[in-house]
1. So which pairs qualify, if the first residue must be in the stretch 58-74 and among the aliphatic types (A, V, I, L, M), the second must be open to solvent by 50 Å² or more (accessible area, probe 1.4 Å), the Cβ gap must be under 8 Å, and the two must be at least 6 apart or on different chains?
2. Going by the conditions given, is D94 over 15 Å from H145 (Cα atoms) and touching a Lys or Arg at 6+ places or on another chain (Cβ under 6 Å)?
3. Looking at (1) within 16 Å of the ligand (Cβ to nearest atom); (2) β-branched (V, I, T); (3) open to solvent by 30 Å² or more (accessible area, probe 1.4 Å), which is the only condition V37 fails?
4. Quick one: which residue in Y167, Y143 is within 16 Å of the ligand (Cβ to nearest atom), open to solvent by 20 Å² or more (accessible area, probe 1.4 Å), farther than 17 Å from A197 by Cβ and free of Cβ contacts under 8 Å to residues at least 12 places away in the same chain?
5. Does the stretch 50-57 include one or more residues that are open to solvent by 40 Å² or more (accessible area, probe 1.4 Å), assigned to a loop (DSSP other than H, G, I, E, B) and hydrophobic (A, V, I, L, M, F, W, C)?
Amino acid sequence: MSVYTLPDLKYDYGELEPHLSAKILQLHHDKHHLAYVNGANDTLEKLAEARKTGSFAAINALEKSLAFHISGHKLHSVLWTNMSPKGGGLPTGDVKGLIENDFGGYEGFLKQFNAACVGVQGSGWGVLSWEPLAGRLIVQQVYDHQSEHAQGSVPLLVCDVWEHAYYLQYENRRAEWINAFWAVVNWDDVNHRLAEAKLGKFSA
Ligand code: MN
């Protein structure tokens, strides 16, 4: 039984052009994201098997795999809805007010988020998260899909800076991809995710 499933995109592969090529989007969603979904389900099955046999020799690798694949699945699910053919522009709604309160304004937020994205060493993400203990937004620089993550925080806005997210189109110019991401950002979705996060919900 599959616990996790690949969500459909809400737009066609070519609809985010010229900011993101159809070929990248298709590969990224249909191949890369699917691999995380399958990896999460496979790892859950292997853990069930380990409980059955009582053999936990591979526990460290399995727990790492579980965190990696579930986190990869969730972050990609957020990424697809964070982008829209009708996106771009400045923050709106509740998110706008929180960015002003928690980062001293949009400029400071944008600089921190972009620096986090550009600076990721190797594979990772820039992430704007709801941090429920403080009741505020934070920017996180996430390595792979799961490392340097503040426990319990909820990703609202994510930029994938793994090479598979941009290399075919932007080659080594990661900053150009991050700029392109802002041209398609869907603030309505970020506000929807914030409202859900405050209720303890999370949608793929
Ligand atoms: Mn990716």
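1. From residues that are among the aliphatic types (A, V, I, L, M), the pairs are A58/K46; L62/K46; L66/L44; I70/Y4.
2. Values: over 15 Å from H145 (Cα atoms): yes; touching a Lys or Arg at 6+ places or on another chain (Cβ under 6 Å): no.
No: the conditions fail for D94.
3. (3)
4. That would be Y167, the only listed residue that is within 16 Å of the ligand (Cβ to nearest atom), open to solvent by 20 Å² or more (accessible area, probe 1.4 Å), farther than 17 Å from A197 by Cβ and free of Cβ contacts under 8 Å to residues at least 12 places away in the same chain.
5. yes
Let's see how each residue does on (1) within 14 Å of the ligand (Cβ to nearest atom); (2) not in a loop (DSSP other than H, G, I, E, B):
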{"position": "G14", "(1), (2)": "no, yes"}
{"position": "I24", "(1), (2)": "yes, yes"}
{"position": "N60", "(1), (2)": "no, yes"}
{"position": "L66", "(1), (2)": "no, yes"}
{"position": "P91", "(1), (2)": "no, no"}
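The values are calculated or read from the model by the stated rules, or taken from the named source; none is laboratory data. Note that the structure is a prediction, hence the values are computed from the model and not measured. Reconstructed Cβ throughout: ideal geometry from the backbone, glycine too, with neighbour counts over all protein chains shown. Keep in mind that these areas ignore ligands, DNA and RNA; they rest on the heavy atoms of the full protein, side chains included. Shrake-Rupley method; radii C 1.70, N 1.55, O 1.52, S 1.80 Å.
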